[in-house]
1. On full extension of the chain, what length is gained from residue 255 through residue 54, given 0.36 nm per residue of separation minus the C-alpha to C-alpha distance?
2. Taking the inverse of the average 1/r across all pairs of different Cα atoms in the stretch 379-426, what Kirkwood radius in Å do you get?
3. For the stretch 80-184, what is the Kirkwood hydrodynamic radius in Å, using each pair of distinct C-alpha atoms?
4. Contact order normalised by length for the stretch 220-350, with contacts defined as Cα pairs under 8 Å and 6 or more residues apart; what percent is it?
5. Give me the angle, in degrees from 0 to 90, between the Cα long axis of helix 183-193 and the longest principal axis of the Cα atoms of the chain, rounded to the nearest 10.
6. Please report 210, 340 as a ranked list, fewest other C-beta atoms within 10 angstrom at the top and most at the bottom.
7. Which value in nm describes the separation of the simple spin-label points at residue 435 and residue 324, placed 7 Å from the Cα toward the beta carbon?
8. With the crude spin-label approximation of a point 7 Å out along Cα→Cβ, what separation in nm comes out for residue 230 versus residue 393?
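Each reported figure results from applying straightforward, stated rules to the coordinates on display, with no laboratory input. From a predicted model like this one, the values you see are computed outputs, not experimental measurements. A quick note on method: Cβ atoms are made from the backbone with ideal geometry, for glycine too, and the neighbour counts reach across all protein chains shown.
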């Protein structure tokens with residue numbers, strides 16, 4: 001019996017990867033044409049890249065428009081008979097409603113392989129997350145939800161101290177996170193964003209940790225916590241435009257960070273993860289999600305936010321999990337929607353808490369406006385030395401990297417990149433974190 005055809009729809013082909021070597025009826029539908037598309041096709045992966053097929057003048061920059069494009073619908077229809085599975089990196093719309101009157105919707109049974117966008121939106125809302133944590137007694141930094149125009153710096157500083165964090169209900173990679181240290185900071189924020197409803201929190205110095213997890217009808221699977229990297233804004237070559245922006249992750253032993261408190265930190269994060277996953281399940285959510293935690297100097301754990309979708313780290317961590325665990329959370333995501341990727345039966349909810357090793361660093365457009373990027377270096381393996389960085393071979397996975405090598409994944413030539421959007425990513429298995437970050441700064445300075 002032929003397996004259900006799965007079509008992963010994304011602007012960036014890298015977002016779709018993870019099961020292409022394990023599931024024979026898997027198809028990538030993407031916008032961006034880079035050399036990675038050709039690598040995938042050469043490897044035998046089914047890919048429809050709209051820029052490659054129809055030319056670079058096709059302006060389709062979101063998954064909804066991409067799915068509705070006539071050429072994409074034709075591609076799916078030719079590779080399916082009755083039922084099709086559709087999956088997105090971050091679903092923002094009701095698949096059934098959008099596709100109902102299209103040729104695909106009229107002639108195929110569509111199975112969505114993402115959680116409900118409405119439920120996802122509710123869980124991702126940072127203002128709602130505060131309420132949810134208070135209601136369920138989940139530790140969260142002391143916070144208040146209020147309209148900007150109703151805030152007064154003196155009363156805020158009495159409540160939260162000299163430094164505060166302001167966040168909007170939605171934001172990505174720290175682009176809607178602001179820091180208040182004076183009344184003028186508050187006035188500036190009001191002038192820029194008028195009377196927005198925001199979350200104001202006490203600024204707590206500490207270490208930010210992330211976990212990825214999957215919630216199904218009966219189980220919650222989660223990873224071992226890993227480090228989230230925020231950029232140093234005092235560097236000559238910044239990797240992000242705004243303070244608080246995430247620029248990567250490190251998978252490593254946490255003992256150097258928390259010493260004898262490490263087991264307590266990991267236990268608390270695991271307990272909170274199960275609690276939040278259960279809340280999400282009760283709301284109707286299932287599948288892959290991420291959680292960010294803050295751990296202060298006393299090893300107290302605070303839940304910061306929930307990302308009810310695939311996370312930016314999913315592409316790399318799936319490779320690490322497959323190598324170390326023999327399966328991945330991504331496989332469990334598909335399983336939660338009735339799709340079996342491999343024969344591995346996992347009964348232990350802590351199966352994926354094995355220690356992984358690796359690092360990823362991203363660089364963003366730090367200009368205030370969009371830029372056109374030309375002459376990008378090729379995607380693949382590089383070796384980094386003291387004097388220069390040298391290209392070794394074309395590749396899009398971290399498998400086989402030596403301690404002196406890293407993987408560079410860039411956008412394509414001629415790409416228009418908005419402010420704070422990603423320019424490239426570096427992935428490494430064994431390099432020291434500071435070396436990977438330095439290579440990222442060098443590449444940004446010399447190539448972008």
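1. Using 0.36 nm per residue and subtracting the Cα-Cα distance, I get 67.2 nm.
2. For the stretch 379-426, the Kirkwood estimate is 11.9 Å.
3. The Cα-based Kirkwood calculation yields 17.3 Å.
4. 20 percent
5. 30 degrees
6. 340, 210
7. 1.9 nm
8. Going by the 7 Å Cα→Cβ label model, 4.0 nm.
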